[in-house]
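Okay, structure first, notes after.
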Amino acid sequence: MDISAEGEAAQKVTFAEAVRVFAKIGLLSFGGPAGQIALMHRILVDEKKWLSEPQFLHALNFCMLLPGPEAQQLATYSGWLLHGLKGGLAAGLLFILPGVFVMLGLSMLYAAYADLGFVAAIFFGIKAAVFAVVIEALIRIARRMLKSPVLYALAGAAFVAIFFFDVAFPIVVLSAALFGFLAMRFAPEVFAGLAQSKDDDAPIVGAPHTVPSIRRAATALIVGLALWWGPVAALFLTVGPANVFTQEAVFFSKMAVVTFGGAYAVLAYVAQEAVTHFGWLAPGQMLDGLGLAETTPGPLILVLEFVGYMAAFRTAGFAEPILAGVAGALITTWVTFVPCFLWIFVAAPYVERVRTVKALNAALAAITAAVVGVILNLAVWFGLHVLFGKVDELHVMGMRLWTPELATLDPWALVLSAAALVAMLRFRFGMVPVLATCAAAGLLIRLI
């Protein structure tokens, strides 16, 4: 399909029809980014034929380079290809809104009833399943991302830096990017295997809004930054920097900039900051939130909405903690997803030029390798808190060591996690059935 044919195909899609299809995608977007991307490919490329295979791959490759949830950004990019700004807004919002409302409702129920025995029993099983889900994701992502010994070494260095030396996640990401950039410039043989597929040179839709424009990019940047940082500035001025709402707005704005590699890459850092630094959550509650996010439509990063709700619910000091929780969830969701639209609307028209810069591609390859180490940190951190009742934090010779008390090992948690991992890796069970089965098993174990 040539450029003109692609443009004609896009122009034949009415906005109303596009809205209906993207609403369907949003309601069916279970199963994490892999399943969500496969769903969009089947509907947009195979069934509707609104996008060609090269177009879809262009969009996917670009969104994989961005911080934030790649599946949501892929939906936004696809809508933008079809109908420009309004198409991107409609597609991106419809992808996340069902999950936002579901997650808000689940957060409210959790905050109100988590202390009940049967609810705690259900989440006992869910935590064990989530630990297995993270390990499965680690294996899957490592196979896809690590293509050379250098990338394996980068992943190992990232794990050591975060797990043992408590290096901040943004520093790890930036250091990896700098290494990749300099290595490609001064020792390109390090990334000799970094090659783009022939589809990376395929054209995108030839509609006017896809043509790069400095004025349009500047407008999108100014409006996007105003929508993003305007509420943050308003919170600073009205309630002060120490207020939980301001802290949430600033912290999750930072996360929106450095969340390369999807939700799994940043969750350990968020969990550790929310638990140890801010005191918003207990370690087990972060696992509970991840379990809830795994069962809702939309991107897994919606777990941050749960964190925002629980943080405000517990610490805002409102007479009505539910209202505080809702406000915290909305603030967190806003600063998490507004940047996702900003990246697309500013940079998408320039995507062709970006993909031809080898040093940038090397920097991004290094980031993705570091992300594997970050996810390994997440798996180990979650595993310790799932399997052991007490985990101490020790500092020895500048290193941080998480040391579990062996006597507090929960054998049932170990059995459930192992069974869930075998079900997913050996028998290819889906994530939602595994979570549901472990939840039921947790309830049964606690009742017995």
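The values are calculated or read from the model by the stated rules, or taken from the named source; none is laboratory data. Keep in mind the model is a prediction, meaning the values are calculated, not measured. Cβ sites come from the backbone with ideal geometry, for glycine too, and all protein chains shown count toward neighbours. Only protein heavy atoms, including side chains, enter the accessible area calculation; ligands, DNA and RNA are left aside. Shrake-Rupley method; radii C 1.70, N 1.55, O 1.52, S 1.80 Å.
Please tell me if G125 is of a type outside the set (K, R), under 17 Å from L447 (Cβ atoms), modelled with pLDDT under 95 and in contact with a Gly (Cβ under 7 Å, 6 or more places away or on another chain).
Criteria met by G125.
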* Can we say Q72 is crowded, with 19+ Cβ neighbours inside 10 Å and closer than 20 Å to V258 by Cβ? -> yes
* Asked: Does any residue in region 316-328 that is within 15 Å of E248 (Cβ to Cβ) come within less than 9 Å, Cβ to Cβ, of a residue that is part of a loop (DSSP other than H, G, I, E, B) and open to solvent by 80 Å² or more (accessible area, probe 1.4 Å) six or more places away or on a different chain, and which pairs are these?
  -> A324/F318; G325/F318; A327/F318
* Structure fact -> Listed by range, helices (runs of 4 or more DSSP H) wholly within region 1-104 having at least 3 residues that are within 17 Å of the chain's Cα centre (by Cα), modelled with pLDDT under 85 and over 16 Å from G298 (Cα atoms) are 53-64
* Looking at (1) in a helix (DSSP H, G or I); (2) in contact (Cβ under 8 Å) with a residue 60 or more places away in the chain, can you tell me which one A407 breaks? -> (2)
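Against the definition (in a helix (DSSP H, G or I), at pLDDT 95 or above and surrounded by fewer than 13 Cβ atoms within 10 Å (Cβ to Cβ)), how does A226 come out, yes or no?
Values: in a helix (DSSP H, G or I): yes; at pLDDT 95 or above: yes; surrounded by fewer than 13 Cβ atoms within 10 Å (Cβ to Cβ): yes.
Judged against the criteria, A226 is a match.
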* **Residues satisfying the stated conditions in region 277-332, i.e. farther than 28 Å from I25 by Cα and of a type in the set (V, I, T)** => T315, I322
* Asked: So how many residues does region 305-332 have that are more than 24 Å from the chain's Cα centre (by Cα) and of a type in the set (V, I, T)?
  -> 2
* Asked: Which residues, counting only those in region 254-281, are more than 21 Å from A370 (Cβ to Cβ) and assigned to a helix (DSSP H, G or I)?
  -> A274, V275, T276, H277
* Out of all the residues in region 282-305, is one or more crowded, with 19+ Cβ neighbours inside 10 Å, of a type in the set (G, A, S), part of a helix (DSSP H, G or I) and at pLDDT 95 or above? -> no
* Assess whether S107 counts as being closer than 30 Å to A312 by Cβ, among the hydroxyl-bearing types (S, T, Y) and modelled with pLDDT under 90. => no
* To do: Kindly provide the set of residues from region 395-425 that are open to solvent by 80 Å² or more (accessible area, probe 1.4 Å) and more than 19 Å from V130 (Cα to Cα), ordered by number.
  => H395, M397, L406, A407
* Structure fact -> When every residue in region 211-240 that is farther than 18 Å from K86 by Cβ and in contact (Cβ under 8 Å) with a residue 12 or more places away in the chain is compared, the one farthest from the chain's Cα centre (by Cα) is P212
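Kindly indicate which of A132, A120, A111 is part of a helix (DSSP H, G or I) and open to solvent by 30 Å² or more (accessible area, probe 1.4 Å). Don't jump to the end; show me each part of the working.
Details: A132 fails: open to solvent by 30 Å² or more (accessible area, probe 1.4 Å); A111 fails: open to solvent by 30 Å² or more (accessible area, probe 1.4 Å).
Result: A120 is the single residue among A132, A120, A111 that is part of a helix (DSSP H, G or I) and open to solvent by 30 Å² or more (accessible area, probe 1.4 Å).
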* Test set (1) closer than 25 Å to G430 by Cα; (2) of a type in the set (S, T, Y); (3) without any contact (Cβ under 8 Å) to a residue 60 or more places away in the chain - T14 fails condition number -> (1)
* How many of the residues in region 139-153 are closer than 13 Å to I375 by Cα, touching a helix residue (DSSP H, G or I) at 6+ places or on another chain (Cβ under 7 Å) and either open to solvent by 30 Å² or more (accessible area, probe 1.4 Å) or at pLDDT below 80 (or both)? -> 2
* region 426-448, residues that are open to solvent by 60 Å² or more (accessible area, probe 1.4 Å) and either assigned to a strand (DSSP E or B) or within 18 Å of I135 (Cβ to Cβ) (or both) -> R426, F427, R428, F429, V432, P433, T437
* To do: Please find, within region 154-192, the residue that is nearest to M399 (Cα to Cα) out of those that are open to solvent by less than 20 Å² (accessible area, probe 1.4 Å) and modelled with pLDDT under 85.
  => F169
